[in-house]
1. Among the numbered criteria (1) within 16 Å of residue 149 (Cα to Cα); (2) part of a helix (DSSP H, G or I); (3) not charged (D, E, K, R), which single criterion is violated by residue 51?
2. Mind counting the residues in the range 1-40 that are modelled with pLDDT under 95, among the aliphatic types (A, V, I, L, M) and in a loop (DSSP other than H, G, I, E, B)?
3. Among the residues of the range 137-156, how many are open to solvent by 40 Å² or more (accessible area, probe 1.4 Å), touching a residue at least 24 places away in the same chain (Cβ under 8 Å) and either within 12 Å of residue 32 (Cα to Cα) or not polar (S, T, N, Q) (or both)?
4. Among the residues that make up the range 73-83, is at least one of them closer than 20 Å to residue 148 by Cα and either buried (at least 23 other Cβ atoms within 10 Å of the Cβ) or under 12 Å from the mean Cα position of the chain (by Cα) (or both)?
5. Of the residues that make up the range 1-23, is at least one polar (S, T, N, Q), free of Cβ contacts under 8 Å to residues at least 40 places away in the same chain and either out of contact with any strand residue (DSSP E or B) (no Cβ under 9 Å at 6 or more places or on another chain) or surrounded by 19 or more Cβ atoms within 10 Å (Cβ to Cβ) (or both)?
Amino acid sequence: MRIIGGVWRGRKLRFSAHAGLRPTPDRIRETLFNWLQPVIMGARCLDLFAGSGALGLEASSRGAARVVMVEKNLQACREIRSHVEVFAAKQVEVEVVTADSLAYLQSCSSQRFDIVFLDPPFESNLLGLSCASLERNDCLAIGSYIYLESRGCSGLPALPCTWNLLHSKQAGEVGYYLARKEFSLLEAKSTVN
């Protein structure tokens with residue numbers, strides 16, 4: 001795998017095979033970052049199921065101001081940290097957190113993200129749980145973009161009522177989507193009452 005665009009364009013990402021590791025293919029990453037191109041510069045990003053780190057590192061390369069990559073596999077975290085050091089990511093604040101993703105979301109309300117990448121293992125129910133937890137724990141700024149990836153035949157879980165689905169595509173067995181948080185849950189409740 002390689003970084004597709006930005007200051008680290010063409011740099012190769014090397015990582016060992018871990019059970020369940022399924023890096024987002026170059027073609028999908030290119031489409032995703034074309035969608036995000038107008039908003040990536042200076043963004044605060046969260047790569048919640050970092051795996052190989054490809055999405056978070058791509059965001060860093062393309063001008064994100066801050067990137068937090070959360071991964072529970074210790075070996076994968078070591079490899080991501082190694083890439084960050086090799087790429088000399090000094091112009092971007094990059095944090096690699098070894099933690100369970102849902103546990104991390106319980107503590108993230110002190111910071112809000114502009115872009116969140118959700119690419120959990122396909123065989124889990126973590127996509128729906130992560131969407132609900134992001135909303136419940138107030139981890140998203142109004143206008144935030146949320147990238148979601150799932151097995152194509154599975155589709156998406158129910159998204160929070162504050163989110164609007166902007167893009168929906170499929171490549172092989174992978175379904176990938178981009179949503180946007182349009183308003184707060186508090187605003188949604190006040191319009192219902």
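1. Of everything listed in (1) within 16 Å of residue 149 (Cα to Cα); (2) part of a helix (DSSP H, G or I); (3) not charged (D, E, K, R), residue 51 misses just condition (2).
2. 8
3. Of the residues in the range 137-156, the ones open to solvent by 40 Å² or more (accessible area, probe 1.4 Å) are 138, 142, 145, 151, 153-154, 156.
Those left that are additionally touching a residue at least 24 places away in the same chain (Cβ under 8 Å): 138, 142, 145, 151, 154, 156.
So of that shortlist, the ones also either within 12 Å of residue 32 (Cα to Cα) or not polar (S, T, N, Q) (or both) come out as 138, 142, 145, 151, 156.
Result for the range 137-156: 5.
4. Of the range 73-83, the ones closer than 20 Å to residue 148 by Cα are none.
No, there is no match, as no residue in the range 73-83 is closer than 20 Å to residue 148 by Cα and either buried (at least 23 other Cβ atoms within 10 Å of the Cβ) or under 12 Å from the mean Cα position of the chain (by Cα) (or both).
5. Just the residues of the range 1-23 that are polar (S, T, N, Q), to begin with: 16.
Filter once more, so that each one left must be free of Cβ contacts under 8 Å to residues at least 40 places away in the same chain: none.
Among the residues of the range 1-23, not one is polar (S, T, N, Q), free of Cβ contacts under 8 Å to residues at least 40 places away in the same chain and either out of contact with any strand residue (DSSP E or B) (no Cβ under 9 Å at 6 or more places or on another chain) or surrounded by 19 or more Cβ atoms within 10 Å (Cβ to Cβ) (or both), which makes the answer no.
The values are calculated or read from the model by the stated rules, or taken from the named source; none is laboratory data. Everything numeric in this text was worked out from a predicted model, so none of it was measured. Backbone-built Cβ (ideal geometry, glycine too); neighbour counts: all protein chains shown. Protein only, heavy atoms only, side chains kept; ligands, DNA and RNA dropped before computing areas. Shrake-Rupley method; radii C 1.70, N 1.55, O 1.52, S 1.80 Å.
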